[in-house]
Amino acid sequence: MKFSRLWFFLLVLSAALFISACSGSAGNTSWPGLTTDQSTAYLAYGPQIYAINLDGGAQKWVYPEKIDNAITFYAAPALTLDGQLIAGSYNHKLYSLDASTGTEKWQFDKAADLFVASPLTTKDAIYAPNSDGKLYALDLTGNLLWSFTTKHQLWGTPAYAESCDCIFLPAMDHHLYAINAKTGQQIWQSADLGGAVVARPVIGSDGTLFIGTFKGEMLAFDIQSKEIRWRFQAGGWIFSAAALDGENLIFGDMKGNLYKLKANDGSQVWTKVVGDSNTSNAIASTPYVQEGNIYVSTETETVYAFNSSGTQTWMRTLAAKVYAPLVSSGSNLLVALNKTDAPLQALSSSGADVWTFSVKK
């Protein structure tokens, strides 16, 4: 059965959401979350967050230093402009760390369930979606500004549009919400989109918002008129955000299809089946695009590279499965690996080893 392992993860995570309401912990059901700045990779992996030097892969700090099994980090942390690293945990708490030292600055503990999605940060605030169905808006010192309630769990990171000073929130209740960033008041909500929405919205320079759904559609919204400009039916669920590459939109689905569309009208440029069609090759992460090259991981242990025409240029099988999005580090590609003592691999643009980060025991 295609993408059975990722289906299993989603079922386990759903069960964890229920169990955690009683027990307060979901265990270690997660894959790594990764973000970077100019010099450091921040890897949220199980009960700890690691800061890793991008020049060689040495550890800078780890939080907490002593493992606390009540904590499980899943989603990629988010950086603020004032040097905080914001990370949500399965123990219902949001943590602020000093990004340079790993020292804890504050905790937010008013949420009622797991933090599955990465928070969104702006120059003024932090927006943290929670599995209790609420989006929490905090100031940069962790004080609650407002909360916005939906009808189901929130597993998707929102997006911010400066043009309207509004937040676009994907929700598992099948809707996309537009929310005033300062007040938390709803501006509008979409019609029922036919499936849960967990992918982060992507906003183009012309005011078009692109988002995929569990109905398997990629949708383009005009954020001013609220109208759907176009819709494209993919072959499977769309779990992750699309990547904008100039005039094109690139994304994958849970059946292992990689798509390139014209962003202005949704017309198909090409579609590729990634990997072996007889194996589970679900694409659970956002493709990474650099200088016309497209890098994508699948549910297997493999990373693939394609040129702009959709021709595969190389593939690289690693030591563990890859679910997290690939991240750039200068000319290198960072790959977060699942369930391994070496959870971060740096590859060159041709797929060669550069360095590996291993967890100290």
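Condition first: in contact with a strand residue (DSSP E or B) (Cβ under 8 Å, 6 or more places away or on another chain) and either closer than 16 Å to Ile52 by Cβ or assigned to a strand (DSSP E or B) (or both). Now tell me which residues in segment 344-361 satisfy that.
Of all residues in segment 344-361, those in contact with a strand residue (DSSP E or B) (Cβ under 8 Å, 6 or more places away or on another chain) come to 344-351, 353-357, 359-360.
Leu344, Gln345, Ala346, Leu347, Asp353, Val354, Trp355, Thr356, Phe357, Val359, Lys360, listed by residue number.
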Legend entry - Among the candidates Leu144, Leu140, residue that is exposed (fewer than 15 other Cβ atoms within 10 Å of the Cβ), more than 25 Å from Pro287 (Cα to Cα) and among the hydrophobic types (A, V, I, L, M, F, W, C): Leu144
Legend entry - Search result, residues across segment 55-110 that are of a type in the set (D, E, K, R), closer than 17 Å to Pro343 by Cα and in a loop (DSSP other than H, G, I, E, B): Asp55
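Being among the polar types (S, T, N, Q) and free of Cβ contacts under 8 Å to residues at least 40 places away in the same chain is the filter; apply it to segment 147-164 and report the residue that is surrounded by the fewest Cβ atoms within 10 Å (Cβ to Cβ). Spell out how you get there, then give the answer.
First, pick out the residues of segment 147-164 that are among the polar types (S, T, N, Q): 147, 149-150, 153, 157, 163.
With the extra rule that they be free of Cβ contacts under 8 Å to residues at least 40 places away in the same chain, the set shrinks to 147, 149-150.
Working: Ser147: 17, Thr149: 11, Thr150: 20.
Ranking the qualifying residues of segment 147-164, first place goes to Thr149.
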Inset, instruction - Could you check, for segment 274-285, whether at least one of its residues is surrounded by 20 or more Cβ atoms within 10 Å (Cβ to Cβ), of a type outside the set (Asp, Glu) and part of a strand (DSSP E or B)? - result: no
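Quickly run through segment 292-303 and pick out the residues that are under 23 Å from Asp341 (Cα atoms) and not in a loop (DSSP other than H, G, I, E, B). Working first, answer last.
Narrowing segment 292-303 to residues under 23 Å from Asp341 (Cα atoms): 296-303.
Passing the criteria: Val296, Ser297, Thr302, Val303.
Suppose we filter segment 243-258 for residues that are in a strand (DSSP E or B) and under 18 Å from Tyr323 (Cα atoms); how many remain?
The first filter runs over segment 243-258 and keeps only residues in a strand (DSSP E or B), leaving 243-245, 248-252, 257-258.
Checking which are under 18 Å from Tyr323 (Cα atoms) leaves us with 243, 250-252, 257-258.
Counting residues in segment 243-258 that are in a strand (DSSP E or B) and under 18 Å from Tyr323 (Cα atoms) gives 6.
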Legend entry - Members of segment 294-333 found to be surrounded by fewer than 24 Cβ atoms within 10 Å (Cβ to Cβ), closer than 24 Å to Gly56 by Cα and polar (S, T, N, Q), listed by number: Thr302, Thr317, Ser328, Ser329, Ser331, Asn332
Legend entry - Qualifying positions in segment 303-339 - among the β-branched types (Val, Ile, Thr), under 30 Å from Gly156 (Cβ atoms) and out of contact with any Leu (no Cβ under 9 Å at 6 or more places or on another chain): Thr317
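Could you identify the single residue in Phe221, Phe232 that is part of a strand (DSSP E or B), at pLDDT 95 or above, farther than 30 Å from Trp146 by Cα and among the aromatic types (Phe, Trp, Tyr)?
Every option except Phe232 fails the conditions.
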Inset, instruction - Among the residues of segment 165-215, count how many are in contact with a Ser or Thr (Cβ under 8 Å, 6 or more places away or on another chain), surrounded by fewer than 16 Cβ atoms within 10 Å (Cβ to Cβ) and outside any loop (DSSP other than H, G, I, E, B). - result: 0
Inset, instruction - Hey, can you tell me all the residues within segment 316-343 that are touching a residue at least 24 places away in the same chain (Cβ under 8 Å), among the hydroxyl-bearing types (Ser, Thr, Tyr) and either in contact with a His (Cβ under 9 Å, 6 or more places away or on another chain) or not in a loop (DSSP other than H, G, I, E, B) (or both)? - result: Ser328, Ser329
Legend entry - Residue list for segment 304-315, restricted to those being touching a Ser or Thr at 6+ places or on another chain (Cβ under 8 Å) and outside any loop (DSSP other than H, G, I, E, B): Tyr304, Ala305, Phe306, Trp314, Met315
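The values are calculated or read from the model by the stated rules, or taken from the named source; none is laboratory data. Please read these numbers as outputs of a predicted model, since none were measured by experiment. So basically every Cβ, Gly included, is an ideal-geometry build from the backbone, and we count neighbours across all protein chains shown.
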